[in-house]
Amino acid sequence: QTSSTPISPNTSATDPAPATRPGRSPCLLENAERAASARPGKGGAGMADDSEFDDFYRGTSHRLLQYAYAMTGDLGTAQDIVQEAYIRAWQRWSRVRRYDRPEGWLRLVVVRMATDRWRRLGVARRAGAKAWEPGAAVAPPSEDTVLLVRALRGIREQERRAVVLHYLLDLPVSEIALETGAAEGTVKSWLSRGRAALAAELTTDGASNAH
């Protein structure tokens, strides 16, 4: 789905400013090809798969960047993680393309990297040049977005993940349960607690900013 349903009607969800939304980045595919060719025999896509992977990137990169930004709270880190996730997808494309939910696989990669700070700090160095180079200006997120992402960082990771998947990416409870490996009742509980915790965080931030 391509919905970007806001978490709150008074916010712009965790959508980075329009200038941060990546279109197709040729550098990303070049980096992925370079990384894949450096590991012969370990996956990667053939020339016949280039167009399919490119379409996949076009159709998912905006949502994945939103997700990574909401989970990490830092736009630069989110961009690095997203680039690394697509490089891994490219290296394994012959297998990933056959998954029922390849975009879900990407999100799992993002979550795993986002939970390891040192790994996150090293992804740009390991992957090579950044996909979004300085020539493409990146506007800072809006104040509402910054406040919302900061509030998301203040709630438990499982609850944050459920809230972001449900309200930002518009996934139903059943799909979140499938992606997280949890029961649907557990997901509903995460969503309920997450909403309450997020509201408390936003209220606290609002009170702090008023002083």
Packing rank of 56-68, 90-102, 143-155, where each peptide gets the mean count of other beta carbons within 10 Å, highest leading
56-68, 143-155, 90-102
With θ taken as phi - 60° and the coefficients 6.51, -1.76 and 1.60, list the Karplus ³J(HN,Hα) couplings across region 180-186 in order, rounded to whole Hz; mark glycine and proline as x.
8, x, 9, 6, 4, x, 5
Sort 76-88, 191-203 for me by packing, meaning the mean count of neighbouring Cβ atoms within 10 Å per residue, highest on top.
76-88, 191-203
Between LEU171 and residues 5 or more places away or on another chain, the pairs with built amide H atoms under 5 Å apart involve HIS166
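Readers should treat all values here as calculations from the given coordinates under stated rules, not as data from a laboratory. These numbers were taken from a predicted model, which means no experiment stands behind them. Glycine also receives a Cβ, built like all others from the backbone with ideal geometry; neighbour counts cover every protein chain displayed.
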